[in-house]
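The values are calculated or read from the model by the stated rules, or taken from the named source; none is laboratory data. This structure is a prediction, so every number in the text was calculated from the model and none was measured. Positions of Cβ are backbone-derived with ideal geometry, glycine not excepted, and every protein chain shown enters the neighbour counts. We work out accessible area using only protein heavy atoms, side chains counted, and drop any ligands, DNA or RNA first. Shrake-Rupley method; radii C 1.70, N 1.55, O 1.52, S 1.80 Å.
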Amino acid sequence: MELVGGPLDGLLLDVTGWDPKDIVDGAVPMSDHGVFGPAGLSGYEPADGGDGRGLGRFVWRGDVP
């Protein structure tokens, strides 16, 4: 999955082997570059795939402590 927006913009996240339910839930990877520094997390959700363009992308929704 391509991470779009936020501190991890442009990076790829390997979701090979993830349960489809987990992909729908999104991802919250650790990020040294977020608002909360090295201990922070960056929240990403699946992009709206309604038009077919969001497939394969997680969109940034904000940083969390």
Of the conditions (1) open to solvent by less than 50 Å² (accessible area, probe 1.4 Å); (2) part of a helix (DSSP H, G or I), residue 10 satisfies every one except a single condition; which number is it?
(2)
Log entry, pairs with first residue in region 19-46 being free of Cβ contacts under 8 Å to residues at least 60 places away in the same chain and farther than 14 Å from residue 4 by Cβ, second being open to solvent by 70 Å² or more (accessible area, probe 1.4 Å) and β-branched (Val, Ile, Thr), beta carbons closer than 7 Å, six or more apart or on different chains, reads 41/28
How many residues, within region 13-37, are open to solvent by 40 Å² or more (accessible area, probe 1.4 Å), within 12 Å of residue 58 (Cα to Cα) and not acidic (Asp, Glu)?
4
Looking at this structure, is residue 52 out of contact with any helix residue (DSSP H, G or I) (no Cβ under 8 Å at 6 or more places or on another chain), modelled with pLDDT under 90 and either in a loop (DSSP other than H, G, I, E, B) or not aromatic (Phe, Trp, Tyr) (or both)?
yes
Please go through (1) in a loop (DSSP other than H, G, I, E, B); (2) surrounded by 12 or more Cβ atoms within 10 Å (Cβ to Cβ) for residue 61 and return the number of the only condition it doesn't satisfy.
(1)
Test residue 41 against the criterion of being touching a Ser or Thr at 6+ places or on another chain (Cβ under 7 Å), surrounded by 11 or more Cβ atoms within 10 Å (Cβ to Cβ) and either at pLDDT below 90 or among the aliphatic types (A, V, I, L, M) (or both), and give yes or no.
yes
